[in-house]
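For reference, the structure discussed in these notes is given below.
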Ligand code: BEZ
Ligand code: FE
């Protein structure tokens, strides 16, 4: 781009009241319509935030210093910015907007930092956890589409902590993955495995996000849960988790991941199931029927939801690929 060819809109006499429209005007040179829209809304909300809170210079600098610390603690395996997004409720909000779910399908939840790509692929029925102190749990699930048809051969990542509330990657000497696996649904959409009953645990809170939680008088705990991630061509990628009912943190999850439809009651293995799955009768049992949404249904729902949300806000926009952009026609 030759800078001498770009027509910069003139700006002068910038004031508290006209700075926003000036920043938006100069940013509107951007040719990417979606980026232009996102920047316009970001600058508008950011400036309104400063005007509304009467943000002091000291507070502005404290905020910047905090973000600097968040950046400084990040490494390839520690993403403090995502953690910050998690504890502010932004991660779950974005997931819920971008992966809309029709009634009856399985809702998504936060991914968290403990998914890895080195989990072993295990056959149905295998054990995913080798923690002798964990309470044995039989997990039997089905996977279907929104019409109730079984989905065969989906790649399913499953991960959970050990009985002390630590993921395998949180141990310095980790040599092989544990408490995790990749599994495939069979022709009837069934997948099942042996695990341990999940326990509550704190999110990493030894950094700036932990300090912020403390200052806010918030605890860092997540309620007991097991993570599931589903991938199958033609279906919207689903990142979710199941939460145990009556966990002490069920209604105060540090990262807002709990949704009613994902809360489960554990049962006990019946004599018939004990024989069928070769586990002791009376052992804890988790059953769940997961439902994936097709890519096409997701695209349509995303566009419909965008239109409804933007109409409600009274914004004159176009919806392109399910997302709002400025309407210049
Ligand atoms: C987790 O469930 O693994 C998790 C989610 C968000 C932040 C930290 C941990
Ligand atoms: Fe987790």
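Bear in mind these aren't lab numbers, they're just calculated from the coordinates by the rules spelled out. Because the structure is predicted, anything quoted here is derived from the model rather than measured. For neighbour counting, all protein chains shown are included, and Cβ atoms are generated from backbone atoms with ideal geometry for every residue, glycine included.
General observations
- Relative to the 2.2 N^0.38 Å rule of thumb, the chain has a C-alpha radius of gyration ratio of 1.20.
- Per-residue ellipticity at 222 nm from helix content only, as computed over the chain with -39500 (n - 2.57) for each DSSP H run of at least four residues, stands at -9000 deg cm²/dmol.
- Rounded to 5, percent antiparallel among DSSP beta bridges of the chain: 70 percent
- Model label points for residue 68 and residue 126, set 7 angstrom from Cα along the Cα-to-Cβ axis, are 4.8 nm apart.
- Degrees between helix 295-312 axis and first principal axis of the chain (Cα, 0 to 90, nearest 10): 40 degrees
- A Gaussian network model of the chain, with springs between Cα atoms under 10 Å, assigns the largest mean-square fluctuation among 150, 271, 280 to 271.
- Gyration tensor (Cα) of the range 72-164, equivalent ellipsoid semi-axes in angstrom: 26, 24, 12
- Taken over the alpha carbons of the range 56-120 as equal point scatterers, the Debye sum produces base-10 log I(q)/I(0) values at 0.14, 0.15, 0.17, 0.28 Å⁻¹ of -0.61, -0.67, -0.78, -1.15.
- Here the range 86-242 yields Rg over Rh of 0.98, to two decimals, using C-alpha coordinates and the Kirkwood radius.
- The range 160-272: proportion of alpha-carbon pairs further apart than 16 angstrom, %: 69 percent
- Residues in the range 86-108 reached by a label modelled at residue 146 [backbone nitrogen below 17 Å; 7 Å Cα→Cβ]: 96-108
- Cβ-based exposure ranking for 54, 222, in which fewest neighbours within 10 Å come first: 54, 222
- Nearest-ten-degree value, helix 57-72 long axis tilted from longest Cα axis of the chain: 40 degrees
- For the residues 105, 57, 261, a GNM of the chain with alpha-carbon springs under 10 Å puts the largest fluctuation on 57.
- Using 0.36 nm per residue and subtracting the Cα-Cα separation, the extra length available between residue 55 and residue 219 on full extension is 56.3 nm.
- Counting 0.36 nm for each residue step from residue 275 to residue 263 and taking away their Cα separation leaves a gain of 1.6 nm.
- Among 199, 77, 293, the largest mean-square fluctuation in a Gaussian network model of the chain (Cα springs under 10 Å) belongs to 77.
- Backbone N atoms of the range 255-278 closer than 16 Å to the 7 Å Cα→Cβ label point of residue 190 belong to residues 269-278.
- Axis angle, to the nearest 10 degrees, between helix 33-53 and the longest C-alpha principal axis of the chain: 80 degrees.
- Between residue 166 and residue 312, residue separation times 0.36 nm minus the direct Cα-Cα distance comes to 48.2 nm.
- Hull-based mean projected area of the range 1-55, where the convex hull spans the alpha carbons, in square nanometres: 4.4 nm²
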